[in-house]
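This report refers to the structure that appears directly beneath it.
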């Protein structure tokens, strides 16, 4: 945990596990640490870990098995999964920029490496 990081702790936990899964450091079907174990070892609230796990499950990285714990799920392609996540973020940013009055041409120019418009 980086307490100087501006992101909430649950996001740091989620991103840490996402990287471990995408790089193969956590194998498919490998059991995740229990919420209580991880919360105790990191000295943070179990609800924080639970939120990170819920989001990892919603994103398809892990699955929870009642009474057994959470396990890493098989993903078709880590690169494809990450690409899909980044495209989703890009779509969200584009939507917000449109609300702020940014034209599609301005956004495309920026994506192509042109100058940004303030």
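The values are calculated or read from the model by the stated rules, or taken from the named source; none is laboratory data. Given the structure is predicted, the values throughout are model-derived calculations rather than measurements. When we count neighbours, we look across all protein chains shown, and the Cβ atoms used for this are built from the backbone with ideal geometry, even at glycine.
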Worksheet item: Could we say that residue 53 is touching a helix residue (DSSP H, G or I) at 6+ places or on another chain (Cβ under 6 Å), surrounded by 15 or more Cβ atoms within 10 Å (Cβ to Cβ) and closer than 22 Å to residue 82 by Cα here?
Response: no
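Can you name the residue in the stretch 16-25 that is within 15 Å of the chain's Cα centre (by Cα) and modelled with pLDDT of 90 or more and, of all such residues, is surrounded by the most Cβ atoms within 10 Å (Cβ to Cβ)? Spell out the reasoning first.
So the first thing to find is which residues in the stretch 16-25 are within 15 Å of the chain's Cα centre (by Cα), and the list is 16-23.
Narrowing the set further to residues that are modelled with pLDDT of 90 or more leaves 16-21.
Working: 16: 12, 17: 24, 18: 21, 19: 12, 20: 16, 21: 22.
The residue in question is 17.
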Practice prompt. For the stretch 24-53, enumerate the residues that are free of Cβ contacts under 8 Å to residues at least 24 places away in the same chain, part of a loop (DSSP other than H, G, I, E, B) and within 16 Å of residue 71 (Cα to Cα).
Written response: 25, 33
Item to complete: Spot the failing condition for residue 102; the list is (1) modelled with pLDDT of 90 or more; (2) out of contact with any helix residue (DSSP H, G or I) (no Cβ under 7 Å at 6 or more places or on another chain); (3) outside any loop (DSSP other than H, G, I, E, B), and only one is missed.
Response: (3)
Discussion item. Among the residues of the stretch 1-23, what is the count of those that are in contact with a helix residue (DSSP H, G or I) (Cβ under 8 Å, 6 or more places away or on another chain), more than 17 Å from residue 60 (Cα to Cα) and not in a loop (DSSP other than H, G, I, E, B)?
Written reply: 1
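Listed here are the residues, each with its yes/no results for (1) within 19 Å of residue 10 (Cβ to Cβ); (2) modelled with pLDDT under 85.
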{"site": "40", "(1), (2)": "yes, no"}
{"site": "48", "(1), (2)": "yes, no"}
{"site": "56", "(1), (2)": "yes, no"}
{"site": "72", "(1), (2)": "yes, no"}
{"site": "79", "(1), (2)": "no, yes"}
{"site": "82", "(1), (2)": "no, yes"}
{"site": "85", "(1), (2)": "yes, yes"}
{"site": "106", "(1), (2)": "no, no"}
{"site": "109", "(1), (2)": "no, no"}
Practice prompt. Would you tally the residues in the stretch 90-107 being over 25 Å from the mean Cα position of the chain (by Cα) and surrounded by 11 or more Cβ atoms within 10 Å (Cβ to Cβ)?
Written response: 3
